[in-house]
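Enquirer: One structure, as structure tokens, below. Some questions next.
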Amino acid sequence: MPLNVLLLGPQGAGKGTQADRISAEYGIPHVATGEMLRAAIAAGTELGRTVESIVNAGELVPDDLMISLIRDRLARDDTDAGFVLDGFPRTTAQAEALDAMFNEIGRTFNVVFSLQIPDEVAFERLRRRAKVEGRADDTDDAIHRRLDNYHRETEPLIEYYRTRGNLVTIHADRSENEVFTEIQRALDHVAVTR
């Protein structure tokens with residue numbers, strides 16, 4: 001049975017960092033929707049041109065585009081052993097659309113990690129990232145808007161997945177290694193029970 005993992009949490013919680021470590025440790029690809037969108041924008045693809053102004057404004061890309069992007073990615077052979085999804089879903093409607101698509105392709109999440117972090121820590125991490133990576137989408141206003149969007153739109157997903165019995169809460173305002181150790185413990189438990 002494949003190991004399918006979802007990482008939830010506000011921007012700056014370390015989802016990408018932890019997803020990369022899970023990917024390396026368990027040999028499953030990191031499916032990062034934000035990176036996929038940024039790559040499409042950089043490559044000037046039709047999708048990239050469609051979503052560029054939406055992404056730069058810190059707004060959400062339409063659900064149907066995201067679902068088809070993820071469906072295409074999960075159709076590749078390298079996801080047969082599982083995957084780590086990061087950056088989607090961000091709303092209950094997206095989670096329901098993702099569930100419907102999963103039903104069609106025979107997938108489900110074994111575990112959903114909720115990486116929790118105080119807003120002020122997330123904000124400072126994102127400001128640092130903006131300086132280091134020079135990301136145009138990490139202005140102070142865009143960061144505040146994305147954190148507000150997270151609380152309003154994405155936080156309800158914690159309860160959505162908790163009711164399915166596969167949610168694990170992780171306190172992400174610790175060191176990268178401490179967070180990963182806790183994630184590994186949970187994944188090792190999932191591996192034993194699947």
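Enquirer: Answer rounded, prolate or oblate for the range 44-113, using the Cα gyration tensor with square roots of eigenvalues a ≥ b ≥ c: rounded when a/c is under 1.5, else prolate when a/b is larger than b/c, else oblate.
Expert: Values: a/c = 2.04, a/b = 1.54, b/c = 1.33.
In terms of gyration-tensor shape, prolate.
Enquirer: Turning to a different aspect of this structure: Quick one: 3J(HN,Hα) in Hz for the range 163-180, Karplus 6.51/-1.76/1.60 with θ = phi - 60°, rounded, Gly and Pro as x.
Expert: 5, 8, x, 10, 8, 10, 8, 10, 7, 9, 8, 10, 5, 3, 5, 5, 5, 5
Enquirer: Please list, ordered by chain and number, the residues whose modelled amide H lies under 5 Å from the amide H of PHE88; skip anything fewer than 5 residues away on the same chain.
Expert: Those qualifying (amide H under 5 Å, at least 5 residues apart or on another chain) are THR33.
Enquirer: Place +1 on the Cβ of every Lys and Arg and -1 on the Cβ of every Asp and Glu in the chain, take the dipole about the Cα centre, and give the residue among VAL55, LEU115, HIS144 whose Cα lies farthest towards its positive end.
Expert: About the Cα centre, the residue reaching furthest to the positive side is LEU115.
Enquirer: Ranked highest first by the average count of other Cβ atoms within 10 Å around their residues, in what order do 12-23, 168-179, 71-82 fall?
Expert: Working: 12-23: 21.5, 168-179: 16.0, 71-82: 13.4.
Per-residue mean Cβ counts within 10 Å order the peptides as 12-23, 168-179, 71-82.
Enquirer: Related question: Output the direction-averaged projected area (hull surface divided by four) of the convex hull of the alpha-carbon atoms of the range 3-193, in nm². Display every interim value, and only then the final one.
Expert: Working: hull surface 41.3 nm².
Convex hull of Cα atoms, orientation-averaged projection: 10.3 nm².
Enquirer: Search the structure for amide H atoms under 5 Å from the amide H of GLU155, placed 1.01 Å from N in the peptide plane, and list their residues when 5 or more places away or on another chain.
Expert: Placed amide hydrogens put nothing under 5 Å from GLU155.
Enquirer: Next question, about the same structure. Rounded to the nearest 20 debye, what is the charge dipole size of the range 117-188 about its Cα centre when +1 sits on each Lys and Arg Cβ and -1 on each Asp and Glu Cβ? Could you put the intermediate results ahead of the total?
Expert: Numbers: 13 positive and 17 negative charges, 29 e Å.
Value, rounded to 20: 140 debye.
Taken together, the values in this text are just the output of simple stated rules run on the coordinates, not laboratory data. Everything numeric in this text was worked out from a predicted model, so none of it was measured. For neighbour counting, all protein chains shown are included, and Cβ atoms are generated from backbone atoms with ideal geometry for every residue, glycine included.
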